Amino acid sequence: MFRLHTINLVKKKCRQLSIEAVQNKGKIKVNDQVESPLTDLFGRNHTYLRISLSERCNLRCQYCMPEEGVKLTPNEKILTSDEIIKISRLFVNEGVTKIRLTGGEPTVRRDLLKIIESLKKIEGLETVAMTTNGLTLTRQLVALQRAGLDIVNISLDTLKRDKYEFITRRKGWERAMMGIDLALQLGYDPVKINCVVMKGFNDDEILDFVNFTKDKNVDIRFIEYMPFTGNKWDLSKLVSYQDMLSVIKKQYPDLYPLENKPNDTSKAWKVPKFLGQVGFITSMSEHFCGSCNRLRITADGNLKVCLFGNTEVSLRDAIRSGCSEDDLIALINAAVKRKKKQHAGTKNRILDPLHKNIITGILNFSFRNELKLIIFFVSAPIFARNYSTKLSHVTSEGKATMVDITPKPDSVRTAKARGTVRINYQTSDLIRDVTAKKGDVLTVAQLAGIMGAKKTSQLIPLCHNIAISKVEVNVKLNYERKHIEIEASVRSVGKTGVEMEALTAVSVAALTVYDMCKSVSHDIVIGDISLVSKSGGKSDFGEPIVLKTLEESVKDTEIRVGAI
C-alpha cells in the first residue's frame, strides 16, 4: 500500500507537492512518457468527478446518518461557487468529461442554478448530472434543466408513504414522487432512481420497484447497503446483488442482462416489454474498483480518490493560499497516484505485481508561506497480520530493520541523482550576479550537497555508515529557463550502494538554495529529484557514471561562471 505523510516544519501553508511514479516492465521509469495527471498507477484514467455542494440535508435517512444529524463544517470553510468552477475547469482541462453534483442534498444550495450554468460553459465538459432526494424538484427542476442539467438521479428507498417517513425520519414522500413524474415529463431519459436495499427495511419492496419500471421510463438502481461514518452499519442488514437477483427471477424468470459500458457501476437488467429497467450497484459483494474512473470533491474542498478511503487532500486550502494551476495539478496528481487497487471492503486485498517492486517517486514540493516535508512510503499489501518480506528493511514481523550486508562482496559502487529548483527572474539575477543576501548561492549549495552525502546515514535511519571515496555535486544556473540544475555523483568501494547518498546530496543542495533565497521570494519549486543511474550491485541501470577530478570540476565551474 502507499502512504503519504505530511510533516509540518514551519507553521505556514504549502503551495505544492507532487509524487509521480510510473512502472514499466517491473522497473520504474520516471517521466519518460507524458500521461494524464488523472491516471493512477494501475492505469485507471479518471474522467468522472463527483462534487459535493453541501454537507446539509433535509432528510435524516437511517442508513446515512444518525437521527441527531452530524456536525457540519462552518460555512466559511465550504467551497464557494467560484472555487467549485475553478476546480471543475481544472479537472475538465485534464480530461474529466462528466461532473455529478451531490451532497448532502445539493438543492439546498442557493447558488445551485448559477453553478450549473457556469459548469455548462466549460469547454470539454459533456455531462452535468445531479443526485437529489427530489423534495424540491417541483420548484427547481424546470429552471435547472434550462440551465443545462443533463441527468437527474433521485434517491427513493420505498414506494410506501409510511415507510418513507420511517426510513428518512421526515415527511416528503409525495413531493419526491411528484419530482419523479416531473422529470419524466421534462424528457429525462431515463430518470434514475437510487434505492438502498436493507434487510428488514425495504427488501420486501424489491418486486414493487421492478413493477414500477413497467410503464415508466425509469432506471431503478438497487444499491447494496454500505458502511459510512455514523450510520451504524450492520452486516445483517446487507442484501447482496445475487439475493436481489434471485428474488426478481422467481417472479420474472425471463429477466435478461443489458450491455454495460466499461465504467458503469450499475449492472443493468430488464424485464421484457417493460419500459424501464433495473440495475444493481454491487459495492460490497462484487466491487468494481478495476474500472473505477471516479474522483470526489467534498463540500469543504477535499479530494477523495476513493469513496472508502480516509486520506484526503485539501484543494480548498491550496487555492486559498494562492496556488497556481500547475501547483494544483501536481497536488491532484500526487493524490491520484496513491489510489489503491481496490477499496477497503470486506475482502482481503489482492496481491498485485505492482506492489512487488519498491516504487521510486519524484518528490516535488514548493514553498509559498510554509515548508512541508513530504515523505512517500511504499510497501506491499497486508494480509491479516502477515507482512511481506519483499522490502529489504522490513522483518517478517513487519518491524523496521537494517539489512545485514556482511555476506555481500566488496565492489565499486556508484550512483547519480538529479534535481531542479525553479526560481523567478529576480532571484535568477541575484544568483547570476552573486549579490544574494547570504552570498554565493551555487557554491554554498554545492558544499552543502557534499556534506549531505557524507551525513546520509545520520539522516536516514536504516542507511549504513559507509566510507565514501568520492562525491561530486554540480549546481548550475540555467538563466534562460529560470531554474537551477543539481546533479550529484557518488562513489564508494564497499558492500552496499550509494543511491541514498546521491539523492541526499541533491536534496540538501536544493534545500540550501531555498534557504539562501527565501528572503527574496517564496515562489520557489524544488522538483524532479530522481535517481538517474547506479552501478556495482545486482540491479544496475542508467547511464555510465564518470566522476571528474577536482581540477576538472573547478575548470567546469570557471567556464560556467564565465558564460554567465
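The values are calculated or read from the model by the stated rules, or taken from the named source; none is laboratory data. Everything quoted here is computed from the prediction, not taken from an experiment. All Cβ positions, even for glycine, are placed from backbone atoms using ideal geometry, and neighbour counts span all protein chains on display. The protein model used for the area step is the full one, side chains on, heavy atoms only, and it has no ligands, DNA or RNA in it. Shrake-Rupley method; radii C 1.70, N 1.55, O 1.52, S 1.80 Å.
Summary of computed values
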| item | result |
| --- | --- |
| Accessible area, probe 1.4 Å, largest first, for residues S489, S36 | S36, S489 |
| Per-residue SASA entry for I297, accessible area with 1.4 Å probe, Å² rounded to 10 | 0 |
| Percent of Cα-Cα distances greater than 22 Å, calculated over the range 119-241 | 40 |
| At R0 = 41 Å, FRET efficiency that the Cβ-Cβ distance of T127 and S457 yields, to 0.05 | 0.15 |
| Contour excess over end-to-end distance, with Cα ends at V142 and F166 and 0.36 nm allotted per residue | 5.7 nm |
| K199, K273, ranked by accessible area, largest first (probe 1.4 Å) | K273, K199 |
| Antiparallel DSSP beta bridges within the range 143-259, as percent of all bridges there, nearest 5 | 10 |
| Largest to smallest accessible area among R110, R100 [probe 1.4 Å] | R110, R100 |
| Mean projection area, nm², convex hull over Cα of the range 406-467 | 6.3 |
| Farthest toward positive dipole pole in the range 422-473 [+1 Lys/Arg, -1 Asp/Glu at C-beta], among V441, L462, I423 | L462 |
| Mean Cβ count within 10 Å, highest first, over the residues of peptides 505-512, 127-134 | 505-512, 127-134 |
| Accessible area of the range 40-172 divided out per residue, in Å², using a probe of 1.4 angstrom | 44 |
| Simple Cβ-charge dipole of the range 165-315, Lys/Arg +1 and Asp/Glu -1, about Cα centre, in debye nearest 20 | 120 |
| Highest-first arrangement of 329-341, 143-155, where packing means the average Cβ count within 10 Å | 329-341, 143-155 |
| Percent carbon-and-sulfur accessible area, the range 134-173, ignoring ligands, DNA and RNA, probe 1.4 Å | 50 |
